[in-house]
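Visitor: Questions regarding the structure given below will be posed in turn.
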Amino acid sequence: MDSALIPKGVERCSLKRFLLGQAIVGAVVLWGVYAMILCWMKGLNQTNMNDSFGFALWIWADLAVIAVGGGAFFTGLLRYVIGLKDLKNIINYAVLIGVCCYGSALLILAIDIGQPLRGWFIFWHANVHSMLTEVAFCLSLYMAVLIIEYIPLLLENRQVDKIPFFHNLSHNMHVVMAVFAATGAFLSCFHQGSLGGVSGVLFGRPFAFREGIFIWPWTFFLFTWSAAACGPCFTILVTKITEKITNKKLVKDNVIDLLAKISGWMICSYIIAKTIDTLYWAFVTAPHAGFNVMDFYDDNFWAHGIWILIMEIVICGYIPAIILLREKTRQNQKLLWTAAILATIGICLNRWVLVMQPMSMPVMTFDEWVLYLPSWQEIATTILPIAGGIMVIAFSYRYLPIFPQEQELNPVED
Amino acid sequence: MKIYRRSFLALGVGAAVGTALSPLPWKMVDDSSIWSQNWPWTPVPKDGAISYEDSVCTLCSGNCGIKARKIEDRVIKVEGKEDHIVNDGGVCLLGLSGPQLLYSPTRVKSPLKKIKGKLRKISWEDAITELSEKLSGIRDEKSDKVAVISGNSKSLSTLLLKRFLKAYGSPNYFTRATMNDTYKQVIKKMHGVDATPAFNIDKADYILSFGSGIIDGWGSPVNSIKANSKGVDNSRKLVQIESRMSNTAIVADKWVPIKPGTDITLAYGIAAEVIKMKEPKGSASLKPFLNKYGLSKVAEVTGIDAAQITEMAKDFATNKSIAICGKGAGNTAGSFDEFVAVHTLNILANNINKKGGVQVIKDSGFFNWSNMKMDSVAKAANKKQAITGNKFPDTESFLNKLPNESVEVLLIANDNPLYTMADSDAVKKAFEKIPYKVSFSSFMDETTEIADLVLPVNVNLEQTDVVSITESVQKPGIGYVAPVSDLQFNTKDLGEILIETAKTIDGMADAFPWDDYESCISAILGDKLESLQEEGVIVNEDYRAKNLSFKFIAPKNEVLAPKGDKGVYPLVLVPYDSIRIPNGYIGAPPFAVKTVSDKVIKGKDGFVEINPVTAKQLGLSDKSSVKVKTSEGSCKVKVNLSEQIMPGVVAMAKGLGHTAYDKYLAGKGVNVNNLLGTVEDPVTGSNCAWAIRCKIEKV
Amino acid sequence: MKKEHDKVNKKYGMVVDLDKCTGCGSCMVACMSENNVPFKEDESNKLDSITWMRVYKVSNKKPYPNNEVFYIPRPCQHCGGQHEGHSPCVSVCPATATDYDYTTGIVSQVYTRCFGCRYCMAACPYHARYFNWWDPVWPDGMEKYLSPNVSPRMRGIVEKCSFCFHRYQVAMEEVYGSDDKEALEEGDYQTACTQACPAGAITFGDLNDETHAVHKLKDDKNAFRLLERLGTNTKIYYISEREWVRRAGDNYNPGEKTGSVKYKTEGH
């Protein structure tokens, strides 16, 4: 029925099956929308946040989706600025994933603030010293860049492309895309960094605080680095999942391999830097504030135990780095999957730790550890954009030529 | 078709772009945030002319000077009055909550009468007629079947209530005995004078406190806290002797945990050591008696190290010392024997009527009462004895005797006995037998809920009254309670109600010769009124106490065992006063409740404080649910493990577990009074129970 | 710029004598009453209970009978930061809704500008900042006692102790309106908690003014500040003769002497 909209030369499932799948995910979206409306109408008392946990699940989700969405800017950088031509076969998808991730972050932020109607004050009454102001500016600008990067793809829809105006627009946009990609890469570098700065500048919170250069704490650089390192892994992971679901090979192995190799080097260098940062923090920064680093991990083992640090750095850091660095291992599909998953978990865990642990941890000697469990409304609103992202990806895949190599890899027999 | 579709598309896009470029969306974004800054459901307080009006707080017997900050006719805030002789600017959290009480939705808004089981609004005229007819109807035959329960207040209006009952013809006026009432009797028996005790603790160098909560509401609460601070400045030493670490023990230099009920032994034990070092004139007669308090025996009985006792005795003998008693806030009577023992220490310290010592003050008459004219009914009735006999007319003793007495009419003012008295269930039962109960409460409290007639009085910020501040300032003095707020509801001053009612009862009018309450106050105060109103207080600065002779009294008891069988109830439950939880006639206002620790109330749960050692023996952990059982009742609470209490002793806060009042107070925690029993002191007749035996079971 | 601040600036601060504090709660209620702080049915969850002034009960954690306790009132600490104005919260607020007033040293909160991101709460190690999770609701009739000097806060924003800044404004208005009064005197501007404290444990004034009591008290040998070594440079000083109490004010590594770890801060 919708065959006129489907790109030429590729096969798609029946509309019925597609709509059924969309309906299931759509139900999850509706659940999330209901929770979102509750939060907007009744206020943030719908959450389990409190005065100790002013930053909680949502802020973590923001940091995490932007971190994994880092694949977009980094792949863009490699493709357009550095000029790795091969990556043109995955750049569309990287951009699409980026759009979903950044859209998610903005939506969650709009729910997270106590006065959403005043959200624009962050631009109007901007405090330039605040990392969050930097985040807001760069995030919205980069979102705009991503949309600009995504629009040409949209215009490539068979029906839209028939309109000469859109066809020309699309073509011209492709021409200037390098400029946008460069802008995007810069903006993204900056806000990834600012997001790292968000916790790094908290000199009242010894768990989060890091020294640095000028106004930028080390977390500023580590966040950018880690997003660039692990973002491509997430792009690979999502591509692999898409291939599994569609039961098709969509991107050639050499493309994936190139991205995986670069990611491997990035993770490796990042995790070494992170290790140095952790050691400095543990043996210099923390004692300077009067803490033994183990004070940071000595409460409830499952919530705040030292395992979390080992998990982040060793299991989700060094292991994927080693897998991806060696050609043999990264070309082993199972190990590639493992590395992509571990790297994604690792970066999410890093964001989790930097948001949650500083909030739970007592700083005044007579304070107590605080445990926090999100309410269903928080969980639903966090899943909402993920489900929304799945819908957008499904639509885009069905109607837009996302994967340039799809036709070649999956010849259709007429 | 295609053309149409495209046109619509173009139109739509055009409209969107056009709107986006117009000022409309920006204006809407701006307006919506302005709206969020002025949400109509967030109140905006009205502005207006600001003024301050002075008064004296009557929410407890501390009687601090207060000033109300007003915007037009609204009271915005209560503050302490600077340079006031009682509190010099300081104020407690209950006093500060005055505006919440004034505007509380739990206030009784007009006179009420029980009609068909429900309290319904009536006019003041009808209400006073109702009361007057009820009282007139039984006056000739059984005027002594009318009783009054009144809070322990030293105000003019309370004296009018006493006078009202006397003129009506009943000796049955009861009030809750406090530690001061017990101490007064000690002074009477030991020094032979009728006088009020006051404690000059701010000038003492060494204070031995037998569980007195100097900063937990004891005496005049703010005044006592101020005294403590002066003491800190002067590096005084405060030793707090009690089995649970109160706030006073926290600020004390030394907390001395003592086996519950052994204070008498300790006091004499210290006295025995003191007398070895210092023997004031006239104390020779005490020596042989003290011989039986050998150090090792005292140490064994009290559980306090002998060296510690010697040290206390040495410090006591060599400093300007004072010993004080009256547990917690001192709102309950103490044991006569214990008070005698403590006062004996004061006599040994030779501090009576000395700086830093016990002041024994004879109240100089500020009130000029005309001779009360009584008719034959009143005269006849006043020869009779009160239900409590010749002992102190303690409300608790009255309630204990109530099941065997017939009381026709009960008037209740400034108290909420259904909540404040021990063993509330028994009180409730006894009350059910009384056919007619009149409440003068400002609030719909537990007692008022079951009253047949409610004549609501003004709250402290609306009242006119005169109160004695003698105990607070340690010199004879009075303070003026001025109305700082207009009446919020249809209420009256107690004095006004009494005068109006007395005029309508045959034979009583002569005892209440004043036109109204205002003229009553001017008549009673005479030419002092003007300066009192102007200054707020009158204090007899020149008052000098005389030297007093004394005699020692041997105790009947050496140990005061708490009620209950040790075999069945192995633990001792101590109710404690917290200054953050008012536990008297007035329930804790929302401000006060908000300050209460989450280890005292969590949600609706109350807590029992237990030492971890005891908890371990019972197999209890922190926050586990338990049942606390005593011979009088039981309740469900949670465990609060605390290192600030002796093993074997458990504690619960007073002032919680209201069933009346609003959602900010009702149903939170449990009323520990329900678990308590009474012990009548053989000398004073007042309830001297300070603890009860209990057992704790896992739920 | 900074020099200019230095010349005329006041630096309001507080000195609290912990040996006198009785934990009576008057300061908390005086603050609630003065500042229209709302209350709700259940205030036993201290993690969502707005108490600009909160009194902590702190124990030495030793078992009976060696347990000792002190109370410590904790208003907003009005941090100056390592260079004046670099308070943990002010530096992070994205919308300049909380600001450092160089003329008084007071950290302000603009309720109508705050959009409730709570970054400031994440930044504050003292838990001095509170979020309005709920609409403030007063029971019928009780809104009568609300003071027009402080606007009640709407749901969804952050609030905190302001050192009763409206009282400063009222006092300054009197100075401006008076012919013979040139400056504020010590008693003209006092916070509600200072005034109410029955124990007289709180002293408030201009830390920079040699004639004010706080100026001398802050240099007491037993004076300390909370978490001094983080460089928050607070304006609330505490005094106690007890060493363990002073030690509870900061985190120490083994072997460090109490009070040995003061953070060097510039200026004032």
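The values are calculated or read from the model by the stated rules, or taken from the named source; none is laboratory data. Here the structure is a predicted model, which is why all the values come from computation and not from measurement. Cβ sites come from the backbone with ideal geometry, for glycine too, and all protein chains shown count toward neighbours.
Visitor: Within the group B:K391, B:K373, B:K428, B:K384, which residue is of a type in the set (K, R), under 30 Å from B:I122 (Cα atoms), in contact with a helix residue (DSSP H, G or I) (Cβ under 8 Å, 6 or more places away or on another chain) and surrounded by fewer than 24 Cβ atoms within 10 Å (Cβ to Cβ)? Walk me through how you get there before you give the answer.
Guide: On the way: B:K391 fails: under 30 Å from B:I122 (Cα atoms); B:K373 fails: under 30 Å from B:I122 (Cα atoms); B:K384 fails: under 30 Å from B:I122 (Cα atoms).
None of the others qualify; the one that does is B:K428.
Visitor: Please give the strands (runs of 3 or more DSSP E) falling wholly within region C:1-101 in which 2 or more residues are more than 10 Å from every other protein chain (Cβ to nearest Cβ).
Guide: Values: elements: C:12-17, C:54-59, C:69-74, C:98-101.
Answer list for region C:1-101: C:12-17, C:98-101.
Visitor: So, in region C:116-131, how many residues would count as being facing chain A (nearest Cβ under 7 Å) and part of a loop (DSSP other than H, G, I, E, B)?
Guide: Number of matching residues: 7.
Visitor: Look at region B:668-684 and say how many of its residues are of a type in the set (G, A, S) and either modelled with pLDDT under 95 or outside the structural domain of B:V600 (by TED's automatic domain parsing) (or both). Quick ask: steps written out before the conclusion?
Guide: So in region B:668-684, the residues of a type in the set (G, A, S) come out as B:669, B:677.
Subset that is either modelled with pLDDT under 95 or outside the structural domain of B:V600 (by TED's automatic domain parsing) (or both): B:677.
Selection size over region B:668-684: 1.
Visitor: Between B:K46, B:K113, B:K70, B:K27, which is more than 24 Å from the chain's Cα centre (by Cα), in a strand (DSSP E or B) and over 25 Å from C:S26 (Cα atoms)?
Guide: The unique qualifying residue is B:K113.
Visitor: Considering only region B:248-263, state which residues are more than 8 Å from chain C (Cβ to nearest Cβ) and assigned to a loop (DSSP other than H, G, I, E, B).
Guide: If the condition is that a residue be more than 8 Å from chain C (Cβ to nearest Cβ) and assigned to a loop (DSSP other than H, G, I, E, B), then B:A252, B:D253, B:I258, B:K259, B:P260, B:G261, B:T262 are the ones that fit.
Visitor: Follow-up question, since we're still on this one. Helices (runs of 4 or more DSSP H) wholly in region A:1-90 with at least 1 residues that are in contact with a strand residue (DSSP E or B) (Cβ under 7 Å, 6 or more places away or on another chain), aliphatic (A, V, I, L, M) and within 14 Å of chain C (Cβ to nearest Cβ) - which ones? Walk me through how you get there before you give the answer.
Guide: Numbers: elements: A:15-42, A:57-68, A:70-76.
Answer list for region A:1-90: none.
Visitor: Which ones in region A:325-371 are buried (at least 19 other Cβ atoms within 10 Å of the Cβ), touching a residue at least 60 places away in the same chain (Cβ under 8 Å) and not in a helix (DSSP H, G or I)?
Guide: Residues satisfying the conditions are A:M361, A:V363.
Visitor: For region A:274-294, indicate whether the set of residues that are within 18 Å of A:L325 (Cβ to Cβ) and surrounded by 21 or more Cβ atoms within 10 Å (Cβ to Cβ) is non-empty. Quick ask: steps written out before the conclusion?
Guide: Restricting attention to region A:274-294, the residues satisfying the condition of being within 18 Å of A:L325 (Cβ to Cβ) are A:274-275.
Of the ones still in play, those that are also surrounded by 21 or more Cβ atoms within 10 Å (Cβ to Cβ) are A:274.
Scanning region A:274-294, I find at least one residue that is within 18 Å of A:L325 (Cβ to Cβ) and surrounded by 21 or more Cβ atoms within 10 Å (Cβ to Cβ), so the answer is yes.
Visitor: Suppose the filter is touching a helix residue (DSSP H, G or I) at 6+ places or on another chain (Cβ under 9 Å), of a type in the set (A, V, I, L, M), in a loop (DSSP other than H, G, I, E, B) and at the interface with chain C (Cβ under 9 Å from one of its Cβ atoms); does B:V78 pass it?
Guide: Numbers: touching a helix residue (DSSP H, G or I) at 6+ places or on another chain (Cβ under 9 Å): yes; of a type in the set (A, V, I, L, M): yes; in a loop (DSSP other than H, G, I, E, B): no; at the interface with chain C (Cβ under 9 Å from one of its Cβ atoms): yes.
In short, no.
Visitor: On the basis of being within 17 Å of A:L63 (Cβ to Cβ), more than 7 Å from every other protein chain (Cβ to nearest Cβ) and in a helix (DSSP H, G or I), does A:V135 make the cut? First the steps, then the outcome.
Guide: Values: within 17 Å of A:L63 (Cβ to Cβ): yes; more than 7 Å from every other protein chain (Cβ to nearest Cβ): yes; in a helix (DSSP H, G or I): yes.
Taking the combined requirement at face value, the residue satisfies it.
Visitor: Do we have any residue at all in region B:564-572 that's part of a loop (DSSP other than H, G, I, E, B), touching a residue at least 24 places away in the same chain (Cβ under 8 Å), surrounded by 22 or more Cβ atoms within 10 Å (Cβ to Cβ) and within 11 Å of chain C (Cβ to nearest Cβ)?
Guide: Applying the first criterion (part of a loop (DSSP other than H, G, I, E, B)) to region B:564-572 yields B:564-570.
Narrowing further to those that are touching a residue at least 24 places away in the same chain (Cβ under 8 Å): B:564-566, B:568-570.
With surrounded by 22 or more Cβ atoms within 10 Å (Cβ to Cβ) added as a condition, the list becomes B:564.
Next, from what is left, pick out any that are within 11 Å of chain C (Cβ to nearest Cβ): none.
Scanning region B:564-572, I find no residue that is part of a loop (DSSP other than H, G, I, E, B), touching a residue at least 24 places away in the same chain (Cβ under 8 Å), surrounded by 22 or more Cβ atoms within 10 Å (Cβ to Cβ) and within 11 Å of chain C (Cβ to nearest Cβ), so the answer is no.
Visitor: Just to be sure, is C:T112 surrounded by fewer than 24 Cβ atoms within 10 Å (Cβ to Cβ), facing another protein chain (nearest Cβ under 8 Å) and on the phi < 0 side of the Ramachandran plot? Spell out how you get there, then give the answer.
Guide: On the way: surrounded by fewer than 24 Cβ atoms within 10 Å (Cβ to Cβ): yes; facing another protein chain (nearest Cβ under 8 Å): yes; on the phi < 0 side of the Ramachandran plot: yes.
So C:T112 fits the description; yes.
Visitor: Moving on. Just the residues that are within 7 Å of another protein chain (Cβ to nearest Cβ) and surrounded by fewer than 21 Cβ atoms within 10 Å (Cβ to Cβ), please, taken from region C:139-150. Give the derivation first.
Guide: The first filter runs over region C:139-150 and keeps only residues within 7 Å of another protein chain (Cβ to nearest Cβ), leaving C:139-148.
Once the filter is applied, which keeps residues that are within 7 Å of another protein chain (Cβ to nearest Cβ) and surrounded by fewer than 21 Cβ atoms within 10 Å (Cβ to Cβ), region C:139-150 yields C:P139, C:D140, C:G141, C:M142, C:E143, C:K144, C:P148.
Visitor: Follow-up question, since we're still on this one. As an exercise: evaluate A:M177 against (1) touching an Asp or Glu at 6+ places or on another chain (Cβ under 7 Å); (2) aliphatic (A, V, I, L, M); (3) surrounded by 24 or more Cβ atoms within 10 Å (Cβ to Cβ) and give the number of the one condition it does not meet.
Guide: (3)
Visitor: Turning to a different aspect of this structure: Kindly establish whether B:S442 is small (G, A, S), under 25 Å from B:E133 (Cα atoms) and buried (at least 23 other Cβ atoms within 10 Å of the Cβ).
Guide: For B:S442, the condition - small (G, A, S), under 25 Å from B:E133 (Cα atoms) and buried (at least 23 other Cβ atoms within 10 Å of the Cβ) - is met.
Visitor: Does B:A502 satisfy the condition of being assigned by TED's automatic domain parsing to the domain that holds B:V377, buried (at least 21 other Cβ atoms within 10 Å of the Cβ) and either in a loop (DSSP other than H, G, I, E, B) or acidic (D, E) (or both)? I'd like the intermediate steps shown before the answer.
Guide: Values: assigned by TED's automatic domain parsing to the domain that holds B:V377: yes; buried (at least 21 other Cβ atoms within 10 Å of the Cβ): yes; either in a loop (DSSP other than H, G, I, E, B) or acidic (D, E) (or both): no.
Considered against the rule, which asks whether it is assigned by TED's automatic domain parsing to the domain that holds B:V377, buried (at least 21 other Cβ atoms within 10 Å of the Cβ) and either in a loop (DSSP other than H, G, I, E, B) or acidic (D, E) (or both), B:A502 comes out as no.
Visitor: Turning to a different aspect of this structure: Kindly evaluate B:L94 against the criterion of being facing chain C (nearest Cβ under 10 Å), surrounded by 19 or more Cβ atoms within 10 Å (Cβ to Cβ), outside any strand (DSSP E or B) and hydrophobic (A, V, I, L, M, F, W, C).
Guide: Values: facing chain C (nearest Cβ under 10 Å): yes; surrounded by 19 or more Cβ atoms within 10 Å (Cβ to Cβ): yes; outside any strand (DSSP E or B): yes; hydrophobic (A, V, I, L, M, F, W, C): yes.
The answer is yes for B:L94.
Visitor: Within region B:219-247, take every residue that is among the charged types (D, E, K, R) and either outside any loop (DSSP other than H, G, I, E, B) or within 24 Å of the chain's Cα centre (by Cα) (or both) and give me the one that is nearest to the other protein chains (Cβ to nearest Cβ).
Guide: Looking only at region B:219-247, we keep the residues that are among the charged types (D, E, K, R), and these are B:226, B:230, B:233, B:236-237, B:242, B:244.
Applying the additional criterion that residues be either outside any loop (DSSP other than H, G, I, E, B) or within 24 Å of the chain's Cα centre (by Cα) (or both) yields B:226, B:230, B:233, B:237, B:242, B:244.
Working: B:K226: 6, B:K230: 9, B:D233: 8, B:K237: 13, B:E242: 12, B:R244: 10 Å.
Among those residues, the one meeting the criterion is B:K226.
Visitor: Can you spot a residue in region B:521-531 that is in contact with a helix residue (DSSP H, G or I) (Cβ under 6 Å, 6 or more places away or on another chain) and surrounded by 23 or more Cβ atoms within 10 Å (Cβ to Cβ)? Full working, then the answer.
Guide: From region B:521-531, those in contact with a helix residue (DSSP H, G or I) (Cβ under 6 Å, 6 or more places away or on another chain) are B:522, B:529; that's our starting set.
With the extra rule that they be surrounded by 23 or more Cβ atoms within 10 Å (Cβ to Cβ), the set shrinks to none.
Within region B:521-531, none of the residues are in contact with a helix residue (DSSP H, G or I) (Cβ under 6 Å, 6 or more places away or on another chain) and surrounded by 23 or more Cβ atoms within 10 Å (Cβ to Cβ).
Visitor: Let me ask something else. Taking C:V261 and the conditions (1) in contact with a Gly (Cβ under 8 Å, 6 or more places away or on another chain); (2) away from chain A (no Cβ under 14 Å); (3) of a type in the set (A, V, I, L, M), which numbered condition does it fall short on, given that it satisfies the others?
Guide: Tallying (1) in contact with a Gly (Cβ under 8 Å, 6 or more places away or on another chain); (2) away from chain A (no Cβ under 14 Å); (3) of a type in the set (A, V, I, L, M), C:V261 fails exactly one: (2).
Visitor: For region B:329-351, what are the residues that are buried (at least 22 other Cβ atoms within 10 Å of the Cβ) and not in a helix (DSSP H, G or I)?
Guide: Scanning region B:329-351 gives B:A329, B:G330, B:N331, B:T332, B:A333, B:G334, B:S335, B:A349, B:N351.
Visitor: Considering only region B:650-664, I want to know if a residue exists there that is more than 12 Å from chain C (Cβ to nearest Cβ), surrounded by 24 or more Cβ atoms within 10 Å (Cβ to Cβ), among the hydroxyl-bearing types (S, T, Y) and over 23 Å from C:V55 (Cβ atoms).
Guide: Looking through region B:650-664, none of the residues is more than 12 Å from chain C (Cβ to nearest Cβ), surrounded by 24 or more Cβ atoms within 10 Å (Cβ to Cβ), among the hydroxyl-bearing types (S, T, Y) and over 23 Å from C:V55 (Cβ atoms).
Visitor: Something else now. Just to check your reading of the model, which residue among B:L102, B:L119, B:L135 is surrounded by 24 or more Cβ atoms within 10 Å (Cβ to Cβ), closer than 29 Å to B:P582 by Cα and either hydrophobic (A, V, I, L, M, F, W, C) or within 14 Å of chain C (Cβ to nearest Cβ) (or both)? So that I can check it myself, show each step before the final result.
Guide: Numbers: B:L119 fails: surrounded by 24 or more Cβ atoms within 10 Å (Cβ to Cβ); B:L135 fails: closer than 29 Å to B:P582 by Cα.
Of B:L102, B:L119, B:L135, the one residue that is surrounded by 24 or more Cβ atoms within 10 Å (Cβ to Cβ), closer than 29 Å to B:P582 by Cα and either hydrophobic (A, V, I, L, M, F, W, C) or within 14 Å of chain C (Cβ to nearest Cβ) (or both) is B:L102.
Visitor: Any residue in region A:253-262 that is more than 14 Å from chain C (Cβ to nearest Cβ), surrounded by 15 or more Cβ atoms within 10 Å (Cβ to Cβ) and touching a strand residue (DSSP E or B) at 6+ places or on another chain (Cβ under 6 Å)? If you could, list the steps in order and put the result at the bottom.
Guide: The first filter runs over region A:253-262 and keeps only residues more than 14 Å from chain C (Cβ to nearest Cβ), leaving A:253-262.
With the extra rule that they be surrounded by 15 or more Cβ atoms within 10 Å (Cβ to Cβ), the set shrinks to A:255-262.
If we keep only those that are touching a strand residue (DSSP E or B) at 6+ places or on another chain (Cβ under 6 Å) too, we end up with none.
No, every residue in region A:253-262 fails to be more than 14 Å from chain C (Cβ to nearest Cβ), surrounded by 15 or more Cβ atoms within 10 Å (Cβ to Cβ) and touching a strand residue (DSSP E or B) at 6+ places or on another chain (Cβ under 6 Å).
Visitor: On to the next question. Would you point out which residue out of B:K437, B:K391 is not in a loop (DSSP other than H, G, I, E, B) and not aromatic (F, W, Y)?
Guide: On the way: B:K391 fails: not in a loop (DSSP other than H, G, I, E, B).
After applying the criteria, what remains is B:K437.
Visitor: For residues that are away from every other protein chain (no Cβ under 14 Å) and of a type in the set (A, V, I, L, M), scanning just region A:183-236, find the one that is farthest from the chain's Cα centre (by Cα).
Guide: Looking at residues that are away from every other protein chain (no Cβ under 14 Å) and of a type in the set (A, V, I, L, M), I get A:I213.
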